[in-house]
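Data block below; observations after.
Just so you know, all these numbers are worked out from the coordinates, no wet-lab data involved. Just so it is clear, the model here is predicted, and its values are computed rather than measured. Positions of Cβ are generated from backbone atoms using ideal geometry, with glycine treated the same way; all protein chains shown enter the neighbour counts.
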Protein chains: 2
Amino acid sequence: MSEATLKKPHHHGNLREALVLAGLQLLEEGGPEALTLRRCAALAGVSHAAPAHHFDGLPGLRKAIADEGFRRFRNYMVDAEVLGEQTDRGRLKSITRGYLNFARDNRALFLLIFGYDLTGSRDSHADAGHFAYDPLRRCCAPFVPKGVAPEVIEAQVWSLAHGFASLYLAGRFWSSASDGLFDAVMTLLDGVGATAGVGTAGLGTAGLGKGGETA
Amino acid sequence: MSEATLKKPHHHGNLREALVLAGLQLLEEGGPEALTLRRCAALAGVSHAAPAHHFDGLPGLRKAIADEGFRRFRNYMVDAEVLGEQTDRGRLKSITRGYLNFARDNRALFLLIFGYDLTGSRDSHADAGHFAYDPLRRCCAPFVPKGVAPEVIEAQVWSLAHGFASLYLAGRFWSSASDGLFDAVMTLLDGVGATAGVGTAGLGTAGLGKGGETA
DNA sequence: TGGGCAACTTGACACTGTAAAGATCAACTC
DNA sequence: GAGTTGATCTTTACAGTGTCAAGTTGCCCA
């Protein structure tokens, strides 16, 4: 009578969630290559074809895992923001620190999350990413100068943090002690929103390409 | 008698190079997933097991392709540098433009190149990447303040360019017309080497982690 | 009670990388 | 020149992968 599955009922209950958790475990233990429909199924104790039924193939499973990954990603950033220095610039730097920490602690998941090409797709995946970047967007807001599209400032911070995290994961920053390097690189953000060029390069909202310039 | 292979000699000649070219073609036509040992073999007109003999497996083939990719990557940057405005800052921006252009024109190859984790490996692959980043390093040199390690400035430029390119490839920059956004983001570089924070955050060569700070 | 239906299982197929063993051919040695 | 050696490539086989089609199970509701 207890809700425990004494005899492994044919209907798993919430196999969907179990498969996502199994996938996350596989990623953590064996890297990106280890994520496999059949291995997920085995880890969840179901037949090899069960995952495909729930997620409509491997891409679907990866997307479901990425959605959960974005959730955790967001938590990393928010946690870092709350713990760090409570100034506008302090929050901005804390967010980028959380960005790097997530990438470092969840290497395979980070790579999975950004391994998609969602150009032209307006599905729930894009929404998950959008949701995850909410804190970053919020922390960028105080640095948006008059007449400049917020997306420009966000893209600056985002690119810098993402680039550093990606190159770090690829092992392109020499030795392991990159904490000092990270802080040094992020000093570039001290000029964000106040750099001389921001006002002069003719970037209003038109800079986003929403305007006429189709070239 | 002509050097043409009228009867397909058993010894291909330079199968190694042919396989790398086949791999590049597959990447271009079918994306990262299309790169396969067996497909490379078929495209080069040899048996399916031939590539493994030359490259010691798929990772070896990917590495060989990445080496060639880095060569082309470097050319992109150098070409952009030569064509652009001939000032220190002009060259710096041109390099980053070349960076993005390469990523855009060689999506799968770009992803392949940076898809490795070469932490702890000091093989020829690291050398290829090192070689490719030579122009970028050179263009950063004029912006390195006294007492700051060159690697810090390089990592700033590198991270910003790489982050933007990666996020662009992932389709995270909304619409297609991101040229304006790119220029806007790169205005952050107008403060490189001269940002207020660079002098104040205590980053000498110690910032690289080569010094004592092991935390 | 029985039908409907979603949740799985079973079996098969094409494709993948890898390994072992055999064939072919150029070059070198005696 | 005959024999040997070794690299290059082929053939064969195997385990693992995603995907599809068909079958089975068991819950739910009329």
(request) Determine which aspartates and glutamates satisfy two conditions relative to residue B:93: a Cα distance under 12 Å, and not lying fewer than 8 residues away in the same chain. (result) B:81, B:85, B:183, B:190
(request) Between the label point of residue B:16 and that of the same position in each other copy, find the distances and list them shortest first in nm, with every label point placed 7 Å from Cα along the Cα-to-C-beta direction. (result) 5.2
(request) Rounded to whole Å and sorted largest first, list the principal axis extents of the Cα atoms in region A:11-56. (result) 29, 16, 15
(request) Mind listing the label-point distances from residue A:72 to the same position on all other copies, shortest first, one decimal in nm, points 7 Å along Cα→Cβ? (result) 3.5
(request) Quick one: net charge around residue A:31, please, counting Lys, Arg +1 and Asp, Glu -1 for every other residue with C-beta under 13 Å from its C-beta. (result) -2
(request) Return the inverse of the average 1/r over all pairs of distinct C-alpha atoms in region B:60-173, which is the Kirkwood hydrodynamic radius, in Å to one decimal. (result) 14.6
(request) Take region A:46-100, compute every pairwise Cα distance, and split them into 5 Å bins from 0; I just need the percent in each bin. (result) 5, 19, 18, 13, 10, 9, 9, 9, 6, 3, 1
(message) What does the copy distance list look like for residue B:117, label position 7 Å along Cα→Cβ, in nm and ordered from shortest?
(response) 2.5
